[in-house]
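Asker: Structure in structure tokens, see below.
Nothing in this text is a laboratory measurement; each read-out follows from the coordinates by a stated rule. Model, not experiment: these values are computed from the prediction. Cβ: placed from backbone, ideal geometry, glycine included. Neighbour counts: every protein chain shown.
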Amino acid sequence: MVKDEMFQERVVRVEKPSSHFTLLRAPNGEFLSTSDTNELSVFDYVDDKAIWEKVGGKNAYRHIVTGIQLEVEAADAENGCYLRYQGNLLANDGSVGGEGAVFSAGHGPAHLPSAYLESFQENGWVCLPSIVAPDIVEELERVSCTGRWEAETYERRVPPLNETAAVAKIITEPVSLWLMRQYMKTREIRLGHSPGFAILSPDDGKRRVQGWHSDFPYLWGIAGSETVNRIPVHKVDGLVMGVQRNLCVSEFRKENGATCFKLGSHTFGQGPPVEWINGNTSRQEGVRESKGLPYTGPEADVVEAPAGSYIVYDSRIWHRAGVNRTAHKRAAMLQAVIPMFIMPFMDTSRPYKDFIHSSLADELTELEHRELESVMVNKMVGPQGHLAITVDDELTGRISVT
Ligand SMILES: [Fe+2]
């Protein structure tokens, strides 16, 4: 490819929203929502019924689905408030009457969860712009040594989960959890690995550039060792074995190396073409010098998104990291998410145990603890009940890898 034909990918830009809805959390972290009979109640997930809007000029919240309006009354607890419906205080469980509970009002999505789901199901990917609150994004910039902290160098000592509670907060982000459970058609979803940073430094014209591939568990185009079985290439409609949930810690732009996709390729039932330079090829020594960059032409798409956005996509979609043509580092936090019947990529039990035994655990609500356990602890469920699965050091030492 000659130089003029490089970086011709189509840009799909997701703009920074001008406003966000509000999520109202009960003391245990559950979300104030409505039941099928339109009664106020709390639930452990966020769909459209958990979406509230601040009423302009008034100290009140309006429920988007039913129009129910709640008055806000300041409470003593930090950042909390009492909520009144028709003059009566709301209790812990969201019911009217009884002892009033302190709710917290927090950063919500820019659009309704059902709108995101429709787009996800139709296209195999969706972007939730700025879904993560700015203070959490800033904390992740600090830990990844990007943004204001880019003069420092990130050295991974422990998994990011064990460095800051911000990672557990983004793991348990409720709208994306609901979307992935809907898309994979199961409530039982797991992290394939503890979340990790992908930090892309400015390109120097020489460094290795990631080739085209599908993500875990498929790993088409980047199969890894021949001794490891991955999902065979196949075409099956209706069964999804993995979703990738990537957080844009930095704003994602074409120039700073936002991910390049071949949108729609999750339906092709095959990996990326070898001519595009896939992940197996790009790993080889001297490929950039001999063959140039992986495909950067107009058949590819770059998704641009504001900082704090989740880009959630079917793991089969062909993609690769971009090329950072700016002077600044850009960071993302990557999470492969799988249904419980897929073997995880890495052991999540160790970082999870380290987390729950650390002081970081104190920063989570009861619901966030339940969700973190749910996505990080793999289980066998059988006649003996629920058994947690972890790595066995003795057997690990004994197994022979052929
Ligand atoms: Fe990837």
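Asker: Please work out whether the stretch 221-364 counts as rounded, prolate or oblate from its C-alpha gyration tensor, where a ≥ b ≥ c are the square roots of the eigenvalues and a/c under 1.5 means rounded, while otherwise a/b larger than b/c means prolate and anything else oblate?
Answerer: Because a/c hits 1.5 or more and a/b fails to exceed b/c, the stretch 221-364 counts as oblate.
Asker: Running Debye on the chain with equal point scatterers at the Cα sites and no solvent, what base-10 log of I(q)/I(0) appears at q = 0.06, 0.08, 0.12, 0.14 Å⁻¹?
Answerer: Debye intensities relative to I(0), on a log10 scale: -0.26, -0.46, -1.01, -1.32.
Asker: Same structure again: Given points 7 Å out from each Cα along the Cα-Cβ axis, report the residue 398 to residue 92 separation in nanometres with one decimal.
Answerer: The modelled label-to-label distance comes out at 4.7 nm.
Asker: Still on this structure: Please state, rounded to one decimal and in Å, the Kirkwood hydrodynamic radius that the stretch 22-107 gives when every pair of distinct Cα atoms enters the mean of 1/r.
Answerer: Answer for the stretch 22-107: a Kirkwood hydrodynamic radius of 12.5 Å.
Asker: Continuing with this model, one more query. Between Rg and the Kirkwood Rh of the stretch 285-331, both from Cα atoms, what is the Rg to Rh ratio?
Answerer: Result for the stretch 285-331 is an Rg/Rh of 0.99.
Asker: Hey, another quick one. Just for the Cα atoms in the stretch 52-196, what are the lengths along the principal axes, largest first, rounded to whole Å?
Answerer: Principal-axis extents of the stretch 52-196 (Cα, largest first): 54, 40, 29 Å.
Asker: Another one. Please list 381-394, 91-104 highest first by mean number of surrounding beta-carbon atoms within 10 Å per residue.
Answerer: Final packing ranking: 91-104, 381-394.
Asker: Also, I was wondering about something else. Once you order the gyration tensor axes a ≥ b ≥ c over the Cα atoms, which shape class does the stretch 233-306 get: rounded for a/c under 1.5, otherwise prolate or oblate by comparing a/b with b/c?
Answerer: Taking the square roots of the gyration eigenvalues as a ≥ b ≥ c, the stretch 233-306 is oblate.
Asker: If you don't mind, there's one more thing I want to ask. Could you compute the FRET efficiency for residue 35 and residue 233, with r as their C-beta to C-beta distance and R0 at 35 Å, rounded to 0.05?
Answerer: 0.20
Asker: When you have a sec, figure out the Kirkwood radius of the stretch 311-364 from all distinct Cα pair distances and drop it here in Å to one decimal?
Answerer: Roughly 15.0 Å, rounded to one decimal.
Asker: What are the semi-axes of the equivalent ellipsoid of the stretch 280-402, taken as the square roots of 5 times the eigenvalues of the Cα gyration tensor, listed largest first and rounded to whole Å?
Answerer: 36, 23, 16
Asker: May I pose another question? Taking the Cα centre of the chain as the origin, how large is its charge dipole in debye, to the nearest 20, when only Lys and Arg (+1) and Asp and Glu (-1) carry charge on their Cβ atoms?
Answerer: Result for the chain is approximately 1200 debye, rounded to the nearest 20.
Asker: Rounded to whole Å, give me the distance from the Cα center of the stretch 120-186 to that of the stretch 1-70.
Answerer: Each part's Cα centre sits 17 Å from the other's.
Asker: Also, I was wondering about something else. Note down the net charge around residue 334, summing +1 for each Lys or Arg and -1 for each Asp or Glu among other residues with Cβ under 9 Å from its Cβ.
Answerer: Result for the local shell: 0.
Asker: Return the calculated 222 nm mean residue ellipticity for the chain, to the nearest 500 deg cm²/dmol, obtained by summing -39500 (n - 2.57) across DSSP H runs with n ≥ 4 and dividing by the residue count.
Answerer: It comes out at -5000 deg cm²/dmol, rounded to the nearest 500.
Asker: Which residues in the stretch 318-358 place their backbone N less than 20 Å from a point set 7 Å from the Cα of residue 388 along the Cα-to-Cβ direction?
Answerer: 338, 340-358
Asker: Extension gain residue 58-residue 8, at 0.36 nm per residue separation less the Cα-Cα distance, in nm?
Answerer: Gain on stretching residue 58 to residue 8: 13.2 nm.
Asker: Translational diffusion coefficient of the stretch 130-183 at 25 °C, 0.890 mPa s, Stokes-Einstein with Kirkwood Rh over Cα pairs, in µm²/s as a whole number.
Answerer: 200 µm²/s
Asker: Just need the relative contact order of the chain here, percent rounded to a whole number, with Cα pairs under 8 Å and 6+ apart.
Answerer: Over the chain, the number comes to 21 percent.
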